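Working notes, structure below.
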Amino acid sequence: MRFLGNIEAKTDVKGRAFLPSAFRKVLGTSGEISLVLRKDVFQPCLVLYPESVWNEQMDTLRSRLNRWNREHQEIYRQFVSDVELLTLDSNGRFLIPKRYLKMAGIEQGIKFIGMGDTIEIWSAANTENPFMEPEAFSKALEKVMSPMDEINEL
């Protein structure tokens, strides 16, 4: 499953948004019908997970955390407690609950950004650009994609 692209859209007065058709097609071909919504851990945006991707994330997180460690339980609790299970209506719309709109600073304009197996939802009015400057991006990508022996030499 690969969500790709940067698509602008709007929410209506109730907080409903149309999932872009390109993303709906990806969901349809993979047989996904449910989505999980949560605030991103690092950025002021929301993340839509297809349910199967969410379940994989939960399995990975749970496997790395000890149920008998207080801090681990608090991490897990915080990560899984503030989520919303969503389904698309027959028109391809979904409701973004008001508390999530507030968390991401979304008023009406939104940007959907395909992130491979998830979809980010950003406020179109957000002044914190989710992208790196072109020069910084090319340098970071060069560093990340260099063979390991070149990295070790640095």
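Restricting attention to segment 93-111, the residues being closer than 18 Å to SER34 by Cβ and open to solvent by less than 20 Å² (accessible area, probe 1.4 Å) number 3. Screening segment 115-154 for residues that are open to solvent by 90 Å² or more (accessible area, probe 1.4 Å) and not in a helix (DSSP H, G or I) and picking the one that is modelled with the lowest pLDDT gives LEU154. Within segment 1-40, the set of residues being small (Gly, Ala, Ser) and within 20 Å of ILE110 (Cα to Cα) comprises GLY5, ALA9, GLY15, ALA17, SER21, ALA22.
Restricting the search to helices (runs of 4 or more DSSP H) fully inside segment 1-92 and requiring at least 1 residues that are without any contact (Cβ under 8 Å) to a residue 12 or more places away in the chain, open to solvent by 70 Å² or more (accessible area, probe 1.4 Å) and closer than 22 Å to PHE131 by Cβ gives an empty result.
The values are calculated or read from the model by the stated rules, or taken from the named source; none is laboratory data. Since the structure is predicted, the reported quantities are computational estimates derived from the model, not experimental observations. As a convention, Cβ positions derive from the backbone with ideal geometry for all residues, glycine included, and neighbour counts pool all protein chains shown. With ligands, DNA and RNA removed, areas are computed over all heavy atoms of the protein, side chains included. Shrake-Rupley method; radii C 1.70, N 1.55, O 1.52, S 1.80 Å.
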